[in-house]
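Note sheet for the following structure.
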Amino acid sequence: MNDVPGGHLFYTAAGLQHWEKNIGLIARIGKDYPDEWIEKLRHFGMDTRGIKRIPLPLEQRFFISFSESGGKTNQQPLAHYANNKLTLPKQLLGYTPPVQQDDSPTKRTGETIIAREIPQDYSDARSIHFCSMDFLTHSLITQHFRQFGQKIMTLEAGGGYMVPAFYRTIPTLTKGLNAFISSEEKVRSLFFGRRTADVWEMMEEIAGWGAEAVIIQQGNMENLLYDSVHKRKYRLPPYPAKVINRIGINAAFCGGFIAGFSATYDPAEALVYGNVASSFVAEGNQPYYSMDVIPGLCSARIESLKKELIAL
C-alpha cells in the first residue's frame with residue numbers, strides 16, 4: 001500500500017467509531033500533510049478542530065514491511081521495492097527510517113500537543129484516550145484534562161519513554177488512569193535489568209502505581225488484563241479473523257477498549273470490545289475498510305468472543 005493514511009490516531013478513531021460517533025481528534029500535523037485525509041475523517045463524522053497544522057514540515061511518513069511469516073522486517077524501502085521489482089514511489093524520495101530515541105522529559109517535539117491549541121469544548125468530553133506519543137504530551141495534557149473534573153482516561157504507552165531511564169517517572173503518568181495499555185515489548189524494555197521477567201508481575205507493579213487496569217498486547221494478538229480493583233487476571237485470544245493486515249491493530253484495540261469501558265465500566269468486557277475492533281482492521285488492507293461494518297456485526301462478534309475470555 002502506497003501513500004495511505006495511518007498512525008495511532010487514525011486507527012484508534014477507526015476502532016472507536018463502531019460504537020461512538022461523537023469523536024474529537026487532537027494532533028499536530030506538518031504543512032505538507034494531505035488535506036484530503038483530514039477531509040475524509042470529517043466525512044466519517046469526526047471533529048477535526050483539534051488537529052492543528054503547523055507552518056513547518058514534519059516528517060510523518062512511515063514505511064514498514066513484513067516477512068512471509070508476518071513479522072516486521074528492517075528492510076529499507078529502496079531494497080524492498082527493488083526485491084519485489086517495483087518502482088519506488090515518489091512519496092518515499094528522501095525518506096530515511098526513524099531512529100528510536102529516548103524522549104526528553106523537558107523538551108517538546110513538533111508533534112507535542114500544546115494545551116492552548118485544544119478546543120475549549122473538548123474539556124467537556126466524558127472519555128479521553130491518549131494514543132502512543134511523547135512523554136511531555138502524556139505528562140502535561142493528562143493534567144490539563146484532569147482539571148475539568150473526573151473523566152474516563154486511558155493511555156497507550158509511548159515507546160520513547162518505556163525505557164529504564166524513565167522507570168521512576170512512569171508512576172506520575174499512571175496514577176488515576178482507568179487503563180494503561182502497552183505492548184509486551186515496551187513493558188519489557190521499561191523493566192530491563194530488573195529482578196522480574198514475569199509479565200504478570202510487571203503488570204501488577206504498574207497497577208500499584210495507580211492504574212485501575214493494565215493491558216498488555218502480545219505479538220500474537222492475544223491480550224492480557226490485570227484488573228487492580230478486583231485483583232483479577234484475564235487472557236483473551238484474538239477474534240478468529242483472517243489476518244491480512246497487521247498495521248493499526250493495537251491502536252484499533254485502544255479505540256474499542258475505551259468504547260467498551262465507557263459503556264460497561266468493566267475492563268474485562270472492554271477487552272472484548274478492543275479485540276473485536278482489532279479484528280476489523282486485520283481483515284482488510286484498505287485503511288477505511290474497518291470503518292465500514294454491516295449493522296449487527298460488532299454485537300455478534302462481541303457475543304462470540306465473550307465465550308473465549310479466560311479468567312486466571
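The values are calculated or read from the model by the stated rules, or taken from the named source; none is laboratory data. What you see is a predicted model; the values in this text were computed from it and never measured. Cβ coordinates were reconstructed from backbone atoms using ideal geometry, including for glycine residues, and neighbour counts include every protein chain displayed.
At a glance:
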quantity: From Leu56, Leu9, residue being assigned to a loop (DSSP other than H, G, I, E, B) and not small (Gly, Ala, Ser); calculated: Leu56
quantity: Single residue of Ala252, Ala277, Ala311, Ala259 found to be closer than 26 Å to Lys186 by Cα, exposed (fewer than 14 other Cβ atoms within 10 Å of the Cβ) and either in contact (Cβ under 8 Å) with a residue 60 or more places away in the chain or acidic (Asp, Glu) (or both); calculated: Ala311
quantity: Enumeration of residues in region 67-121 that are acidic (Asp, Glu) and out of contact with any Phe, Trp or Tyr (no Cβ under 8 Å at 6 or more places or on another chain); calculated: Glu68, Glu111, Glu117, Asp121
quantity: Selection from region 174-201 of residues that are under 13 Å from Val214 (Cα atoms) and either in contact with a Phe, Trp or Tyr (Cβ under 8 Å, 6 or more places away or on another chain) or in contact (Cβ under 8 Å) with a residue 60 or more places away in the chain (or both); calculated: Thr174, Lys175, Asn178, Ala179, Ile181, Ser183, Trp200
quantity: Residue match in region 19-41 (condition: assigned to a helix (DSSP H, G or I), touching a helix residue (DSSP H, G or I) at 6+ places or on another chain (Cβ under 7 Å) and either surrounded by fewer than 15 Cβ atoms within 10 Å (Cβ to Cβ) or not assigned by TED's automatic domain parsing to the domain that holds Thr169 (or both)); calculated: no
quantity: Where Ile247 falls short, out of the listed (1) assigned to a loop (DSSP other than H, G, I, E, B); (2) without any contact (Cβ under 8 Å) to a residue 40 or more places away in the chain; (3) under 22 Å from Asn275 (Cα atoms); calculated: (2)
quantity: Test set (1) surrounded by fewer than 18 Cβ atoms within 10 Å (Cβ to Cβ); (2) among the hydrophobic types (A, V, I, L, M, F, W, C); (3) in contact (Cβ under 8 Å) with a residue 12 or more places away in the chain - Ile51 fails condition number; calculated: (1)
quantity: Conditions (1) assigned by TED's automatic domain parsing to the domain that holds Ile141; (2) surrounded by 14 or more Cβ atoms within 10 Å (Cβ to Cβ): number failed by Gln76; calculated: (1)
quantity: Qualifying position, being more than 14 Å from the chain's Cα centre (by Cα) and in the same structural domain as Gly158 (by TED's automatic domain parsing), among Asn223, Asn178; calculated: Asn178
quantity: Test: residue in region 91-107 that is in contact with a Leu (Cβ under 7 Å, 6 or more places away or on another chain), in the same structural domain as Ile258 (by TED's automatic domain parsing) and under 24 Å from Met133 (Cβ atoms); calculated: no
quantity: Residue within region 70-87 that is among the aromatic types (Phe, Trp, Tyr) and within 30 Å of Phe257 (Cα to Cα) present; calculated: no
quantity: Failed item in (1) farther than 23 Å from Pro171 by Cβ; (2) touching a residue at least 24 places away in the same chain (Cβ under 8 Å); (3) over 19 Å from the mean Cα position of the chain (by Cα), with Pro98 passing the rest; calculated: (3)
quantity: Subset of region 280-296 [surrounded by 15 or more Cβ atoms within 10 Å (Cβ to Cβ) and among the polar types (S, T, N, Q)]; calculated: Ser290
quantity: Out of Ala213, Ala197, Ala179, Ala165, sole residue that is surrounded by fewer than 16 Cβ atoms within 10 Å (Cβ to Cβ), within 30 Å of Lys306 (Cα to Cα) and of a type in the set (A, V, I, L, M); calculated: Ala197
quantity: Hey, Ile29 more than 15 Å from Pro5 (Cβ to Cβ) and of a type outside the set (Lys, Arg) or not; calculated: no
quantity: Long-range neighbours under 6 Å by Cβ, at least six apart or interchain, first residue touching a residue at least 24 places away in the same chain (Cβ under 8 Å) within region 127-141, second part of a loop (DSSP other than H, G, I, E, B) and crowded, with 23+ Cβ neighbours inside 10 Å; calculated: Asp134/Asp103; Phe135/Asp103; Phe135/Tyr161
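Okay, residues lined up against (1) more than 28 Å from Phe66 (Cα to Cα); (2) under 18 Å from the mean Cα position of the chain (by Cα):
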{"position": "Asp227", "(1), (2)": "yes, no"}
{"position": "His230", "(1), (2)": "yes, no"}
{"position": "Cys254", "(1), (2)": "no, yes"}
{"position": "Phe261", "(1), (2)": "yes, yes"}
{"position": "Ser304", "(1), (2)": "yes, no"}
